[in-house]
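What follows is a single structure, written as C-alpha coordinates, with notes after it.
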Amino acid sequence: MLTGWLDGLSYDLMFLFRPQVVPEEVVLVELDSESHARLGQTSDDKWDRTLHARLLSILSAAGARAVYFDIAFTSPARNPLEDAAFEASLRSNRIGVLAARVKPSPLGVGGQIEAPIDSLRAAAPWGICERSVTG
(Lines give C-alpha, C1' and ligand atoms only; values in the text may rest on other atoms or scores of the structure.)
Protein backbone atom coordinates (compact mmCIF):
# COMPACT_ATOMS: atom_id res chain seq x y z
CA MET A 1 0.00 0.00 0.00
CA LEU A 2 2.82 2.39 0.88
CA THR A 3 4.66 1.65 -2.38
CA GLY A 4 1.64 2.67 -4.46
CA TRP A 5 1.50 6.01 -2.65
CA LEU A 6 5.25 6.54 -3.12
CA ASP A 7 4.98 5.76 -6.83
CA GLY A 8 2.34 8.45 -7.24
CA LEU A 9 4.30 10.90 -5.09
CA SER A 10 7.39 10.56 -7.27
CA TYR A 11 5.38 11.85 -10.21
CA ASP A 12 3.18 14.38 -8.39
CA LEU A 13 6.04 15.97 -6.43
CA MET A 14 7.29 17.79 -9.52
CA PHE A 15 4.00 19.65 -9.82
CA LEU A 16 3.92 20.95 -6.24
CA PHE A 17 6.34 23.77 -7.04
CA ARG A 18 5.00 24.65 -10.46
CA PRO A 19 2.29 27.27 -10.95
CA GLN A 20 -1.02 26.00 -12.27
CA VAL A 21 -1.15 26.27 -16.06
CA VAL A 22 -4.51 26.95 -17.68
CA PRO A 23 -4.36 26.56 -21.49
CA GLU A 24 -6.37 29.56 -22.64
CA GLU A 25 -5.82 28.83 -26.32
CA VAL A 26 -7.88 25.60 -26.15
CA VAL A 27 -11.67 25.58 -26.15
CA LEU A 28 -13.80 22.50 -25.60
CA VAL A 29 -17.15 22.49 -27.39
CA GLU A 30 -19.54 19.89 -26.00
CA LEU A 31 -22.73 18.49 -27.46
CA ASP A 32 -24.82 19.11 -24.35
CA SER A 33 -28.50 18.51 -23.65
CA GLU A 34 -29.46 22.18 -23.91
CA SER A 35 -27.86 22.53 -27.36
CA HIS A 36 -29.39 19.20 -28.38
CA ALA A 37 -32.87 20.54 -27.60
CA ARG A 38 -32.29 24.07 -28.91
CA LEU A 39 -30.96 22.81 -32.24
CA GLY A 40 -33.78 20.29 -32.60
CA GLN A 41 -31.61 17.20 -32.87
CA THR A 42 -33.14 13.72 -32.76
CA SER A 43 -32.83 11.53 -29.70
CA ASP A 44 -30.62 8.91 -31.38
CA ASP A 45 -27.47 10.97 -30.59
CA LYS A 46 -26.56 11.50 -34.28
CA TRP A 47 -26.38 15.24 -34.87
CA ASP A 48 -27.00 16.80 -38.26
CA ARG A 49 -23.53 16.96 -39.81
CA THR A 50 -24.28 20.30 -41.45
CA LEU A 51 -24.04 21.71 -37.90
CA HIS A 52 -20.50 20.33 -37.63
CA ALA A 53 -19.74 21.87 -41.04
CA ARG A 54 -21.01 25.28 -39.93
CA LEU A 55 -19.12 25.10 -36.62
CA LEU A 56 -15.91 24.25 -38.48
CA SER A 57 -16.35 27.23 -40.80
CA ILE A 58 -17.10 29.59 -37.90
CA LEU A 59 -14.07 28.41 -35.92
CA SER A 60 -11.85 28.68 -39.00
CA ALA A 61 -13.02 32.25 -39.63
CA ALA A 62 -12.32 33.05 -35.96
CA GLY A 63 -8.70 31.93 -36.40
CA ALA A 64 -8.72 28.40 -34.98
CA ARG A 65 -5.62 26.49 -36.01
CA ALA A 66 -7.13 23.02 -35.45
CA VAL A 67 -10.50 21.52 -34.62
CA TYR A 68 -10.55 17.95 -33.35
CA PHE A 69 -13.84 16.06 -33.50
CA ASP A 70 -13.89 13.24 -30.95
CA ILE A 71 -16.96 11.85 -32.66
CA ALA A 72 -16.34 8.72 -34.73
CA PHE A 73 -18.15 9.32 -38.02
CA THR A 74 -18.05 5.60 -38.88
CA SER A 75 -21.35 5.37 -40.74
CA PRO A 76 -22.97 7.63 -43.31
CA ALA A 77 -25.50 10.24 -42.24
CA ARG A 78 -29.15 9.51 -42.95
CA ASN A 79 -29.12 12.39 -45.43
CA PRO A 80 -26.18 12.24 -47.88
CA LEU A 81 -26.26 16.05 -48.17
CA GLU A 82 -25.05 16.24 -44.55
CA ASP A 83 -21.92 14.23 -45.34
CA ALA A 84 -21.34 16.31 -48.49
CA ALA A 85 -21.57 19.58 -46.52
CA PHE A 86 -19.27 18.31 -43.77
CA GLU A 87 -16.77 16.97 -46.31
CA ALA A 88 -16.76 20.31 -48.18
CA SER A 89 -16.17 22.21 -44.94
CA LEU A 90 -13.32 19.87 -43.94
CA ARG A 91 -11.69 20.36 -47.36
CA SER A 92 -12.14 24.13 -47.54
CA ASN A 93 -11.18 24.98 -43.96
CA ARG A 94 -8.33 22.44 -43.69
CA ILE A 95 -8.25 22.55 -39.87
CA GLY A 96 -10.48 19.58 -39.01
CA VAL A 97 -9.14 16.35 -37.53
CA LEU A 98 -11.40 13.32 -37.20
CA ALA A 99 -11.50 10.41 -34.76
CA ALA A 100 -11.45 6.69 -35.33
CA ARG A 101 -12.07 4.13 -32.64
CA VAL A 102 -10.92 0.64 -31.88
CA LYS A 103 -13.61 -2.00 -31.63
CA PRO A 104 -12.29 -4.53 -29.11
CA SER A 105 -11.96 -8.10 -30.26
CA PRO A 106 -14.10 -10.72 -28.53
CA LEU A 107 -10.90 -12.32 -27.23
CA GLY A 108 -9.83 -9.12 -25.50
CA VAL A 109 -6.58 -8.86 -27.46
CA GLY A 110 -6.16 -6.29 -30.21
CA GLY A 111 -9.16 -5.00 -32.07
CA GLN A 112 -10.44 -3.60 -35.31
CA ILE A 113 -10.00 0.05 -36.27
CA GLU A 114 -13.27 1.74 -37.18
CA ALA A 115 -12.22 4.74 -39.29
CA PRO A 116 -14.41 7.61 -40.48
CA ILE A 117 -16.40 6.97 -43.65
CA ASP A 118 -14.39 7.13 -46.87
CA SER A 119 -15.49 10.60 -48.00
CA LEU A 120 -14.63 12.21 -44.66
CA ARG A 121 -11.42 10.22 -44.24
CA ALA A 122 -10.28 11.52 -47.63
CA ALA A 123 -11.09 15.11 -46.64
CA ALA A 124 -9.24 15.38 -43.32
CA PRO A 125 -6.54 13.75 -41.22
CA TRP A 126 -7.75 11.24 -38.66
CA GLY A 127 -6.46 9.14 -35.80
CA ILE A 128 -7.57 6.89 -33.01
CA CYS A 129 -9.11 8.50 -29.96
CA GLU A 130 -9.32 6.78 -26.60
CA ARG A 131 -13.04 7.26 -26.18
CA SER A 132 -15.64 8.35 -28.67
CA VAL A 133 -19.31 8.49 -29.46
CA THR A 134 -20.80 7.48 -32.75
CA GLY A 135 -22.09 10.35 -34.85
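Numerical summary
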{"quantity": "Cβ-derived FRET efficiency at R0 30 Å, residue 45 paired with residue 66, nearest 0.05", "calculated": "0.75"}
{"quantity": "Probe 1.4 Å, protein heavy atoms only - accessible area per residue of the chain in square angstrom", "calculated": "73 Å²"}
{"quantity": "Listed values (i) -0.66; (ii) -0.76; (iii) -0.83, entry calculated as log10 I(q)/I(0) by the Debye sum over Cα atoms at q = 0.15 Å⁻¹", "calculated": "(iii)"}
{"quantity": "The chain - percent relative contact order, Cα under 8 Å, separation 6 or more", "calculated": "24 percent"}
{"quantity": "Residue-averaged 222 nm ellipticity for the chain, from DSSP H runs of 4+ at -39500 (n - 2.57), nearest 500", "calculated": "-11000 deg cm²/dmol"}
{"quantity": "Trypsin sites (Lys or Arg not before Pro) restricted to region 1-101 and DSSP loop, no more than 10 other C-beta within 10 Å", "calculated": "65"}
{"quantity": "Rg to Rh, two decimals, where region 45-105 supplies the alpha carbon set and Rh follows Kirkwood", "calculated": "0.99"}
{"quantity": "Distance between modelled label sites at residue 20 and residue 128, nm, 7 Å Cα→Cβ extension", "calculated": "3.4 nm"}
{"quantity": "Within the chain, percent of DSSP bridges classed antiparallel, to nearest 5", "calculated": "35 percent"}
{"quantity": "Carbon + sulfur, % of accessible area of the chain - ligands and nucleic acids excluded, 1.4 Å", "calculated": "58 percent"}
{"quantity": "Segment residue 34-residue 88, length gained on full extension (0.36 nm per residue, minus Cα span)", "calculated": "16.7 nm"}
{"quantity": "Distant-in-sequence amide H partners of residue 102 (H built 1.01 Å from N, under 5 Å)", "calculated": "114"}
{"quantity": "GluC sites (Glu not before Pro) restricted to region 1-92 and DSSP loop, no more than 14 other C-beta within 10 Å", "calculated": "24, 25, 30"}
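The values are calculated or read from the model by the stated rules, or taken from the named source; none is laboratory data. If you're wondering where the values come from, they're calculated on a predicted model, not measured in any experiment. Every residue, glycine among them, receives a Cβ derived from its backbone with ideal geometry; neighbour counts consider all protein chains shown. Protein only, heavy atoms only, side chains kept; ligands, DNA and RNA dropped before computing areas. Shrake-Rupley method; radii C 1.70, N 1.55, O 1.52, S 1.80 Å.
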